[in-house]
Amino acid sequence: PVAAVAPGADLPAPCAAVASCGAVASERVRSEAKSPPVVRKPDRLDYSRFRGIGQECRDERMAVGDVTWEELSKEEKAKVWEAEAQMEALLEQKRREEDDWRRQLKEKPADLSWVQGRHFASYEAFCVGRVESTLKRSGTEAFQRGDLHKAQQDWEGGVAMLLALGQLPPEAHTLLCVLRNNLAQLFIKRGEWNRVKELTDKVLDREPSNEKALYRRAQAFFAYSLWDKCEKDLELLLKHHPGNADASLMLQRVQRKLGKDRRQLGGRAVDDIAAGIEELSKDGTVRKLRIEEYGEGDPDEPPRWLKEEWLAEGGREKVVVTCQMIIWSHGGEELYNSKEFRPFPETKQARDELKEYMDMVNFLDQEANKAPRLVGDFYRKVKKRPVRWYLGDPGMYRGFDYAARSMKPGERALFEIDQPALNPSVERFYDKLGF
């Protein structure tokens, strides 16, 4: 049935009202309709990899120290207490040392006797006088009584004090050479020949005819069996200081080692033979120019480690050589270095930034009166591994193989290798492999 309802009349609830042609109809709804379930679309992003973040275990927090005292075990607390006790003992020892030092200062005032009666025109001159009268003297006294550690401390302290002046006056350079010569003599007693050469090189850069520096560097070259370099230093020393008997005696020993008597042998000077010039191939494409550092055994004897069966084709035994190698062009450009290489910046932005940095450093060096730096000093160095191959390997350049056969273990030498002993020597082998 349909009933007409006047406007404004109340409709019974619940009901549904439908307006049609200006009439209002109602119908009681006895049951409520249920809404359909909402279907949740799966998320396109995978969040599973974020699970567990922020939920670090105790071991992980322990590694970074993010734990509370209550979380520590009994053994761990004992370790903490032990470390704290050690720290307290160390601090107490430092306090006692400082107290002893302060007491010594009060009991023994500073010795300023070296200042009396002297006039210093500048602060630099005062520092030079102070180093000469205190550190140099105390180091010499320690050296004479055999306390090398104290002598090294005093002399190196004097060198550091002089270098801190920046622009050194002439008297500072002279004292610097004296201290470095003293340190070189100290390291000779210890047998640290690298330090001896390093110190004497610096002295000779400033004073090329310094008698003590030339003799001590010659001693270092003698210890390394670098006979040709040792001979040059001794000859230069005797040229400027002919009365040095020790240098004359050492020069005779070196010349006996080199087998030199200033005669001409076979149309070539003995200098060339002693320098190690040797043809290693019949066609003259591989030459050994110079031995920079002698290896194991007698320098006058040829290498005896190589066995003929290692080079035999089809042999059961092979020998692998390991060496460091640096290759230069005839113009002096470094083409390869087995120890390290300096990668060049790949992008233009990186190259521009490097150039700006180089310009800034060069400007600062000029302001500080320092020597200009080389381009290679600005590139980062990447370490590499040495070269390894077995002797007679057809895939290795013939020139490198011949060079290795002529060397002794530990030797460092300079070779000249022409193109036929390089790429052409391996082309046929790699052509067979299809490369």
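The values are calculated or read from the model by the stated rules, or taken from the named source; none is laboratory data. Nothing here was measured: the structure is a model prediction, and the numbers come from that model. Positions of Cβ are backbone-derived with ideal geometry, glycine not excepted, and every protein chain shown enters the neighbour counts. Remember, those area values only see protein heavy atoms, side chains included, never the ligands or the DNA or RNA. Shrake-Rupley method; radii C 1.70, N 1.55, O 1.52, S 1.80 Å.
Miscellaneous remarks
- Taking the criterion of being over 16 Å from ARG190 (Cβ atoms) and in a helix (DSSP H, G or I), the residues of the range 155-170 that qualify are GLY157, GLY158, VAL159, ALA160, MET161, LEU162, LEU163, PRO170.
- Listed by position, the helices (runs of 4 or more DSSP H) inside the range 51-139 whose residues that are touching a Pro at 6+ places or on another chain (Cβ under 8 Å) and at pLDDT 75 or above number at least 3 are 123-130.
- Selection from the range 281-291 of residues that are loosely packed, with under 15 Cβ neighbours inside 10 Å and part of a loop (DSSP other than H, G, I, E, B): LYS282, ASP283, GLY284
- Number of the exception - GLY166 against (1) touching a residue at least 12 places away in the same chain (Cβ under 8 Å); (2) within 28 Å of ALA223 (Cα to Cα); (3) under 31 Å from the mean Cα position of the chain (by Cα); (4) open to solvent by 40 Å² or more (accessible area, probe 1.4 Å): (2)
- Any hit, the range 385-392, residues being under 30 Å from LEU280 (Cβ atoms) and either among the aromatic types (Phe, Trp, Tyr) or without any contact (Cβ under 8 Å) to a residue 12 or more places away in the chain (or both): yes
- Residue list for the range 386-419, restricted to those being more than 27 Å from ARG316 (Cβ to Cβ), open to solvent by 40 Å² or more (accessible area, probe 1.4 Å) and touching an Asp or Glu at 6+ places or on another chain (Cβ under 7 Å): GLY410, ARG412, LEU414
- Of the residues ALA413, ALA403, the single one that is within 15 Å of ILE326 (Cβ to Cβ), modelled with pLDDT of 90 or more and aliphatic (A, V, I, L, M) is ALA403.
- Checked across the range 151-166, the condition of being polar (S, T, N, Q) and either farther than 24 Å from THR134 by Cα or in contact with a Cys (Cβ under 7 Å, 6 or more places away or on another chain) (or both) holds for no residue.
- Filter result (open to solvent by 50 Å² or more (accessible area, probe 1.4 Å) and among the polar types (S, T, N, Q)) within the range 323-342: GLN324
- Any chance LEU214 is hydrophobic (A, V, I, L, M, F, W, C), surrounded by fewer than 19 Cβ atoms within 10 Å (Cβ to Cβ) and within 29 Å of the chain's Cα centre (by Cα): no
- Candidates are the residues of the range 217-250 that are open to solvent by less than 40 Å² (accessible area, probe 1.4 Å) and touching a Cys at 6+ places or on another chain (Cβ under 8 Å); the one that is modelled with the lowest pLDDT is PHE221.
- Hey, PRO302 assigned to a loop (DSSP other than H, G, I, E, B) and under 24 Å from the mean Cα position of the chain (by Cα) or not: no
- A residue that is among the hydroxyl-bearing types (Ser, Thr, Tyr), open to solvent by 40 Å² or more (accessible area, probe 1.4 Å) and touching a residue at least 24 places away in the same chain (Cβ under 8 Å) cannot be found anywhere in the range 292-304.
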